[in-house]
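Colleague: Here's a structure for you.
Each reported figure results from applying straightforward, stated rules to the coordinates on display, with no laboratory input. In this text the structure is predicted, and so the values were computed from the model without any measurement. Cβ placement follows ideal geometry from the backbone for every residue including glycine, while neighbour counts extend to all protein chains displayed.
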Amino acid sequence: CPRICRCFLNTIKCNNVTEEAALMKGYRLKRLFLYDLSLHTISSHSFEGLKEVQQIEISQSVNLEIIETLAFNNLLNLSEISIKNTRSLMHIERRTFNNLPKLRYLSISNTGITIFPDITSINSLESEFVLDICDNLYLKQVPPNAFTGMTTEYVIMNLYNNGFREIHDHALNGTKIDKLVLKNNRNHRVIHRDAFKGGTGPGVLDISATALTKLPSQGLESVLVLMAQSTYALKSLPPLQGLWNLREAYLTYNSHCCALLSWNIHRDLPINPAWNIGSTYCDESDPSARVQHVIGGSADTPLVMDMPFFSDVDQMFGDVNFHYPELDFCQTQPTLVCTPEADAFNPCEDIAGFSFLRVAIWFINILAITGNLTVLLVFFTSRSKMTVPRFLMYHLAFADLCIGIYLLMIATVDLRTRGHYSQHAIEWQTGPGCSAAGFLSLFGGELSVYTLSTITIERWHTITDAMQIERRLGLAQAATIMAAGWLICLGMGMLPLVGISSYTKVSMCLPMDIETPLAQAFIIILLLFNVGAFAVVCVCYVLIYLAVKNPEFPRRSADTKIATRMAVLIFTDFLCMAPISFFAIS
């Protein structure tokens, strides 16, 4: 029990009376740490009227279940309260935190509370108030007027890793928010339309790794920095006019950046009649001077630094016209930084990018589909004796047919979205069409590589054992080998569909997602599989070449011709795969 408190079996008292008694004995305490409390309840007025204590921390108290009304009452010098790692804490009653004028930090973390704590009677007068409500997995919603009366100054709200599902209308009424962090609320799906109504800010909004499907259409006018990374359900942005002051955006989808950057280039800034007398108010060469002409003093004075949202003059100048309309004419078109930017794999306009590439894709997919369909048609209609090379060639034809269909799907989407791909990117990349195309690409590509390797090994084995017919590969053995290949390649194609890597990362629907260790391992195994297959092919053909050139080695001209033709086919196929492997690695 701390020396300024009185501890009993079921209660603890740390108030002005117990503190005075401790001061008379020479005990002075500014930080009150209460760990491993055996209490089930912190009763009303347990902490009341303390004059010296500036920080109270309650932690690691597994038995604590309730904090009663006015438990923290009239603590005129208290600046920090931290309640954390109290998993059994279910109830924080109304007005638990009352009249705490110097409070600047409140943390309620890793508790079992199910109802948003009442913090409306704190009445803090401190600037830069910080509120941490984190890791409360049973906290489902933020109610209306949840922060009214907490403070009249600007506040940083860290409300992350909670069980939030929604933020109600007027939840942020009466607040001035510098920064609102809602990241990692995995079940958070809704911010109601009027959630920000009655409040000012936020300047920074972080909704990363949430399940939000949309942002409110109003209340975001003050947002300068928007963070929405790994927010995959957010497939559309609110009307961009409502993000007028946005300067930085860190988003999930490249197409959103396409829209934002295009809007930023083409939007019209308001023209103020005062433009003709602009020299009276602002100096274009010095942004900070634009402020000081109006409010007086230099740009380094507290008058400037205390302006809302940010201390940096350049950043906060974007909101000066809200308070000082006469400065509207000083404002130039703001620079907007947005990531992830468009690239060759996630373009803003066209998937193909160049006209010759578009023509080439159509030419290749038509040839691939017609050629391989012809081969398969011959397979089903021919009465010729089935041989191992022919059997393997039919499997290769089917694999290449899959790649041809994949190219046809990509070419069709490119044609349909030509010039405005970013408007359809999310619908395409997150839809079933892209997943199907990606599966065909990976399955067909890997089955093709596997079959080519099998053909090469079979040719090498046949030529080097030309005199031992009984050791040649039979149809039953070839069927077993190809059945194993089908299982392996089907497994590879299915993995991105079940969350190991993803086909939705790029417009071409290739498995290029490497965000998780499993995805990275999958891509590495995939590349090693292809590189290994290529190495096997190279070694086999070197051995075939040496065997054929050896005058003492018996050979058949038919086998040599087949091997030569296969070599051209195989190395051409691998040459097509090389660019994909290179870009996947890079």
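Colleague: Do you know the relative contact order of segment 73-209, to the nearest whole percent, from alpha carbon pairs under 8 angstrom that are 6+ apart?
Modeller: Once normalised by length, the contact order is 18 percent.
Colleague: Neighbour counts of other C-beta atoms within 10 Å: give me TYR394, TYR160, TYR250 arranged from fewest to most.
Modeller: Arranged by neighbour count, lowest to highest, TYR394, TYR160, TYR250 become TYR250, TYR394, TYR160.
Colleague: Applying 1/(1 + (r/R0)^6) with R0 = 56 Å to the Cβ-Cβ distance of SER43 and ARG416, what FRET efficiency is obtained, to the nearest 0.05?
Modeller: So, using R0 = 56 Å, E works out to roughly 0.25.
Colleague: Let me ask something additional. Arranged by the count of other C-beta atoms within 10 angstrom, fewest first, what order do SER507, SER79 take?
Modeller: Starting with the residue having the fewest Cβ neighbours, the order is SER79, SER507.
Colleague: Quote the FRET efficiency, to the nearest 0.05, computed for LEU76 versus ILE115 with a Förster distance R0 of 41 Å and r equal to the Cβ-Cβ distance.
Modeller: The value I calculate is 0.90.
Colleague: Which order do LYS30, LYS214 fall in if you start with the one that has the fewest other Cβ atoms within 10 Å?
Modeller: Final ranking by Cβ density, sparse to dense: LYS30, LYS214.
Colleague: Just to check I understand the Karplus step: with θ = phi - 60° and J = 6.51 cos²θ - 1.76 cosθ + 1.60, what whole-Hz values come out for segment 532-541, glycine and proline as x?
Modeller: With coefficients 6.51, -1.76 and 1.60, one gets x, 4, 5, 5, 4, 4, 4, 4, 4, 6 Hz.
Colleague: Moving on to the next point. Using a 7 Å offset from the Cα along the Cα-to-Cβ direction at both LEU367 and ILE525, what is the distance between the two label points in nm, to one decimal?
Modeller: 3.5 nm
Colleague: Relative contact order for segment 473-552 using alpha-carbon pairs under 8 Å, separation at least 6, rounded to a whole percent?
Modeller: 14 percent
Colleague: Please give, to one decimal in nm, the separation of the simple spin-label points placed at ARG390 and LEU543, each 7 Å out from Cα toward the Cβ.
Modeller: 2.7 nm
Colleague: Then there is this: If each residue of separation counts as 0.36 nm, what is the full-extension length gain between THR516 and LEU240 once their alpha-carbon separation is subtracted?
Modeller: 96.1 nm
Colleague: Under 5 Å between amide H atoms, partner at least 5 residues away or on a different chain: which partners does ILE12 have, H built in plane at 1.01 Å?
Modeller: Amide H neighbours of ILE12, under 5 Å, 5+ apart: SER43.
Colleague: Take GLU221, project a point 7 Å from its Cα along the Cβ direction, then tell me which residues of segment 127-168 have their backbone nitrogen under 16 Å from it.
Modeller: none
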